[in-house]
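**Q** Supplied in structure tokens, the structure appears directly below.
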Amino acid sequence: MQNITTTLKKLFYLWRRSQVPVKQLIKISRIDNLIIFLLCILNSIISSYKLLLISPLNIADIFSWLLTFTEILISSGVLILVSKKENPTISSRQIILIITLLLAVQVTKLALAATISPLSMIIPPALIISQGMGSITALAWVSIASFSWPDPAVAINNNLFIILLVCSLAVSLLGGRIRSRAQLLQLSIFVPIGSFFSQWILIGKDKISLINKQDFVLANGDIFSDSLLLAIVMLFTILFIPIFESLFGLLTKARLLELADKEKPLIRRLSLEAPGTFEHTLLICGLAEEATRMIGGDIDLIKTGALYHDIGKLHAPNWFIENQDGSKNPHDELDDPIKSAEVLQAHVDEGLKFARKNRLPKPIANFIPEHQGTLKMGYFFQKAKEKNLDISEYYFRYKGPIPQSKETAILMLADGCEAALRAMNINASDKEALEIISNIIYSRQKDGQLDDSNLSKGEIFLIKRAFLNVWKRIRHRRIQYPTSKNNTFS
Ligand SMILES: [Fe+2]
Ligand SMILES: [Fe+2]
């Protein structure tokens, strides 16, 4: 009997270990929750109140209103859940933006459904959401915005409805992948052109009034002016996206790439004042990028995050070994392990201050504390023990938090492996390199640093292979090729 219990316990333990840790969603304050809830209620009221304006009102009408009201409320809830699932670090401001955009579209439909094409009302907000929150959230938003029409008197042409769905689908899917403002501009030109031709084919050629300049933009049902209006609204949306980025902390691909520019003042300062840290950062970028590509993570996010992860070392560059260049180590002169540990922790605290000062988006700033997690500063803890200092290990651990995403976890692992790989002999075999990588990753795992990261065992295996591939590249670069005696090149 005892054997069976032990076996069952073992099996249960193995099963639990094999599960990907469930990600805890970001906590939203009560006031923000209340605002979001009120916005959802307001949205449901606006989307359904017209059903109550019918006279005489009977039970069936009230029931139909109640049904629509509940439907919109539940849809808004599902939309919030989808956005949280797609962006585990989504902020309340961003959820408020999604619901407010939905509310704005419903109000616009009530006020202007008779004059403006639904394409111009639904596609531009879908572009903002797909850019800032991802394609899946944008698709969920589009489905609610397209299916719910607050005014029962407004009827939409079936073909137009299909065109609307196809265009919004294209914008939502492409918007989440677009990596530059130039591509956004192309999208804002090609989608209206596509919508124009599809309307021309599916709705009718007779509705074009190129000659009638009087109702050039606002003429309802005029497919040329509808498409032109769509292009204008999309161009304006693109113009305003940077404002949305700073107001709601949106992190679009274009913004990520802008931040990854090595000519940015903070990165320039790092390369000039802490060249060793800059070199370390570049190598980490390579390791992290390869690993993220292997597991299908967000490459642009990790590349930018890696660039800024040790930016806090700018507060005292020569206190970090990579910048010492063979000169004296200030930690030896200080000869106080506790103070040294404080200096190390300061590179995280100061990094967060730099991030705030330079208005770095939160997902980038998260790399600063999470790449160190709650790791032990082993060297200085050992020194303290040698000095017989009676002090808890707690003072020699970084303050955390531990990595909360796959990307920050990969960066932590890359940070740990970088120095070891760089220091490795070029004659070391692949097996030796893999062993070192595996040991470092295992020690992080055992220390509980990866518990919140959602990395599965398979992904950790892929990360190890990716690091090994980068090591092979480094080794290849470091091999000295013999040059010919008379210095001629062939
Ligand atoms: Fe660091
Ligand atoms: Fe680092």
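Since every read-out is calculated from the coordinates, none of them should be taken as a lab result. Computed from a predicted structure; not experimentally measured. Counting neighbours? That spans all protein chains shown, and the Cβs are built from the backbone with ideal geometry, glycine included.
**Q** Return the lysines within reach of K353: Cα separation strictly under 25 angstrom, same-chain partners fewer than 8 residues apart disregarded; answer none if there are no such residues.
**A** K27, K253, K262, K264, K303, K313, K339, K362, K376, K399, K406
**Q** A follow-up question, please. In 10 Å bins starting at 0, how do the alpha-carbon pair distances of the chain split up by percent?
**A** Taking every Cα pair in the chain, the percentages come to 4, 16, 22, 20, 16, 12, 7, 3, 1, 0, 0.
**Q** Can you compute the FRET efficiency between L110 and I28 using 1/(1 + (r/R0)^6), with r the Cβ-Cβ distance and R0 = 25 Å? Round to the nearest 0.05.
**A** 0.30
**Q** Points 7 angstrom from Cα along the Cβ direction at L11 and I189: gap in nanometres?
**A** 6.4
**Q** While we're on this one: In whole Å, how far is the Cα centre of region 365-398 from that of region 40-86?
**A** That distance is 54 Å.
**Q** In debye, nearest 20, what is the charge dipole magnitude of the chain about its Cα centre with +1 on Lys and Arg Cβ and -1 on Asp and Glu Cβ, if you could check?
**A** The calculated dipole for the chain is roughly 800 debye.
**Q** Using R₀ = 22 Å, calculate the FRET efficiency as 1/(1 + (r/R₀)^6) where r is the Cβ-Cβ separation of L53 and V78; round to 0.05.
**A** So the FRET efficiency works out to roughly 0.20.
**Q** Can you tell me how region 260-478 classifies by the Cα gyration tensor, rounded, prolate or oblate, using a/c under 1.5 as the rounded cut?
**A** rounded
**Q** Moving on to the next point. With a cut-off of at most 11 other beta carbons within 10 Å, and DSSP calling the residue loop, which GluC sites (Glu not before Pro) in region 259-302 qualify? Please list them.
**A** Answer in residue order: E263.
**Q** If the cut-off is a Cα-Cα distance under 17 Å, which lysines reach K472, setting aside same-chain residues fewer than 8 apart in sequence?
**A** Within the straight-line cut-off, K472 pairs with K431, K464.
**Q** Something else now. Trypsin sites (Lys or Arg not before Pro) within region 350-426: which are DSSP loop residues with at most 16 other Cβ atoms inside 10 Å?
**A** Answer in residue order: R359, K387, K399.
**Q** To the nearest Å, what is the center-to-center distance of region 124-161 and region 231-256, using C-alpha atoms only?
**A** About 18 Å separates the Cα centre of region 124-161 from the one of region 231-256.
**Q** Related question: In the chain, which whole DSSP H runs stretch at least 15 Å along their own axis (Cα) and average -0.5 or higher on the Kyte-Doolittle scale?
**A** The answer, listed by residue number, is 30-48, 59-86, 92-112, 118-133, 135-147, 158-175, 181-202, 223-248, 275-295, 337-357, 406-423.
**Q** How far, in nm, would the chain grow between I321 and R268 when pulled straight, counting 0.36 nm per residue and subtracting the alpha carbon separation?
**A** My answer for the length gained is 17.1 nm.
**Q** Compare the Cα positions of T6, W200, V348 along the charge dipole of the chain (+1 at Cβ of Lys, Arg; -1 at Cβ of Asp, Glu; about the Cα centre) and return the one farthest towards the positive end.
**A** Value computed over the given set: T6.
**Q** Now for a different question. So if I place +1 on the C-beta of Lys and Arg and -1 on the C-beta of Asp and Glu, and nothing else carries charge, what would the dipole magnitude of region 260-478 be about its Cα centre? I want it in debye, nearest 20.
**A** Using only the charged Cβ atoms, the result is roughly 480 debye.
**Q** R397's amide H: which non-local residues (gap 5+, or another chain) put their own amide H closer than 5 Å, with H modeled 1.01 Å from N in plane and none for Pro or chain starts?
**A** Amide H neighbours of R397: M377.
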